[in-house]
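The values are calculated or read from the model by the stated rules, or taken from the named source; none is laboratory data. On a predicted model such as this, the values are computed, not experimentally measured, just so you know. Quick reminder, even Gly has a Cβ in these numbers, built from the backbone with ideal geometry, and neighbours come from all protein chains shown. Surface areas here come from the heavy atoms of the whole protein model, side chains and all, with no ligands, DNA or RNA. Shrake-Rupley method; radii C 1.70, N 1.55, O 1.52, S 1.80 Å.
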Amino acid sequence: MSDRYEETYRAFRWEVPQRFNIGVACCGRHAAERHRFALYWEDEEGGTAAYTFWDLQQQANRLSNVLAALGVGRGDRVGILLPQRPETAVAHIACYQMGAVAMPLSVLFGPEALEYRLANSETVVAIVDPASLANLAPIRDRLPHLGHVIGVAGAREAGVAHWDELLAKASRRFTPADTAAEDPAVLIYTSGTTGPPKGALIPHRALIGNLPGFTYSHDLFPQPGDVFWSPADWAWTGGLMDALLPTLYFGYPILGYRGRFDAERAFRLMEKYGIRNTFLFPTALKMMMKAVPRPRSRYDLALRSMMSAGEAVGETVFAWARDELGVVVNEMFGQTEMNYIVGNSHTLWPAKPGSMGRPYPGHRVAVIDDDGNEVPAGEVGEVAVHRRDIHGDPDAVFFLGYWKNEEATRRKFTGDWCRTGDLATRDADGYLWYQGRADDVFKSAGYRIGPSEIENCLVKHPAVANAAVVPSPDPERGNVVKAFIVLTPGHAPSDALGEEIRQHVRGRLAPYEYPKEIEFIEALPMTTTGKVQRRVLRELEAKRKGTGS
């Protein structure tokens, strides 16, 4: 194929209006077309629903009036403690169009995690379902700013107002606030390696900043007939800014599913709803590959584009998706503070298996050293994005700063470069190759080792469903490579299998990269966004070897 990257990248110019509102852009402007579908929804109990943009807008108007009556004003934080539900989309639209700040929170957060975020943000209203209410109830008395709790889907107890009853009494007419593109819209807390979580305050314009990456990673989205689905939780940047909001922005439908991820159910959902575009984490893809190696022999799929992020996909999964799903995976890289900055768009430039891709149009991205200088091709450095694009225009994707934490905001930047904390190399063609988080990379006998390449090699073994590589303290080498391995069904842990897997890696990578230690494990510790928590395993190893606290 021809490589049209340079012309595409250099021709792009930002067009960010001074006044912009996510709620209006993602729903209000489409609502006049009363029969234009916005959201299909299903849950694991078999319940289904469908909503047009007009349906969502009527409910969002009612909710905005409810929130205003409860005293919510511009800039106030509203906690949205919901999974993928229709009410989640309505709540976001309602908050944005009234100038409030939506604060999505995962239903998986326990009381302690919720308390810190709700207290630090001074959230004034929380919208909950039964699962999140159970975790909020024990801490509610310790949240003086939280004046009201609204329950959906049967979340009822004393002091909790019910969604249906409130909306039924509210007017369906609401005049959106005239917000500036720079006004805050979303507050998402990110977990670092040290200290408490930091709240990244994201402006309305950041949605525009996400659009180039979204468009190109889905091979010029939208195309006629496109329907989007991702299991990524809408409480996180991946689900909110990489799936829900950009799909609605373009006026196209998205599928929401409330339930645990299951590989075969994912195939059934994609078949049932004619899904054409999807964002699937590498972990999900690995599960699907192992569960149904030949999916098109069982399912009638209509996939047109696929994006993946969070971890490196690796050659094995890349080849499976291409050969068995009929789509080329466009890998993407970004983070909450500046999302969707690097990736692939295989119809415009070749996707190199395992690469993060190239900087998306509108983003000036480099691999830099500790002093903020770009490092030569082939050298490991930290991925960073510049405040301004190649034309000197402000990059629209940037967050406003960390909530009530100016020092952390300052530390995020070296001059005009915003650091990601992720390590990569850049090849001669400008593709970036992920080397792991700065704190995931370790040394063994003087060799600098990143887990990604080893993990990708491990997954190529038929017995390995998933793997995580961490350093295990060693008195002679400093560290040795240790692999925690989840086996595929039909394989049982044994010393012989462990040795077979070690030799599998030893024959493919550098001698110092093969895992000298292997531990079979039922499941890897994961974040709610589908990333392997290597830190948990690393700390476990340090404690076992007597080098940790």
Near pairs, Cβ below 6 angstrom, 6+ apart or cross-chain, from the stretch 423-452 (assigned to a loop (DSSP other than H, G, I, E, B)) to any residue that is among the hydroxyl-bearing types (Ser, Thr, Tyr) and modelled with pLDDT of 75 or more: TYR431/SER355
Boolean, ASP416 is without any contact (Cβ under 8 Å) to a residue 24 or more places away in the chain and in contact with a strand residue (DSSP E or B) (Cβ under 7 Å, 6 or more places away or on another chain): no
Matching entry among PHE37, PHE20 (being open to solvent by 30 Å² or more (accessible area, probe 1.4 Å) and modelled with pLDDT of 95 or more): PHE37
Those residues of the stretch 27-49 which are hydrophobic (A, V, I, L, M, F, W, C) and either more than 30 Å from CYS95 (Cβ to Cβ) or touching a strand residue (DSSP E or B) at 6+ places or on another chain (Cβ under 9 Å) (or both), in sequence order: CYS27, ALA31, PHE37, ALA38, LEU39, TRP41, ALA49
Candidates ALA131, ALA119 - the one that is in contact with a His (Cβ under 9 Å, 6 or more places away or on another chain), surrounded by fewer than 20 Cβ atoms within 10 Å (Cβ to Cβ) and among the small types (Gly, Ala, Ser): ALA119
Wholly enclosed strands (runs of 3 or more DSSP E) of the stretch 317-419 bearing at least 2 residues at pLDDT 95 or above and within 22 Å of GLY239 (Cα to Cα): 329-335, 338-343
Listing of strands (runs of 3 or more DSSP E) fully contained in the stretch 147-195 that carry 3 or more residues being modelled with pLDDT under 95 and open to solvent by 10 Å² or more (accessible area, probe 1.4 Å): none
Qualifying residue in the stretch 520-543 (condition: open to solvent by less than 60 Å² (accessible area, probe 1.4 Å), at positive phi and at pLDDT below 80): yes
Test: residue in the stretch 326-344 that is touching a residue at least 40 places away in the same chain (Cβ under 8 Å), open to solvent by 10 Å² or more (accessible area, probe 1.4 Å) and farther than 28 Å from LEU207 by Cα: no
Selection from the stretch 466-514 of residues that are of a type in the set (Asp, Glu) and either closer than 21 Å to GLU315 by Cα or at pLDDT 95 or above (or both): ASP495, GLU499, GLU500, GLU513
Close pairs (8 angstrom Cβ cut-off, 6 or more residues apart or separate chains): more than 12 Å from VAL160 (Cα to Cα) and part of a helix (DSSP H, G or I) in the stretch 104-133, open to solvent by 10 Å² or more (accessible area, probe 1.4 Å) and charged (D, E, K, R) anywhere: GLU115/ARG142; ALA119/ARG142; ASN120/LYS404; SER121/ARG77
Test: VAL505 is out of contact with any Lys or Arg (no Cβ under 6 Å at 6 or more places or on another chain) and either among the acidic types (Asp, Glu) or under 20 Å from CYS457 (Cα atoms) (or both): yes
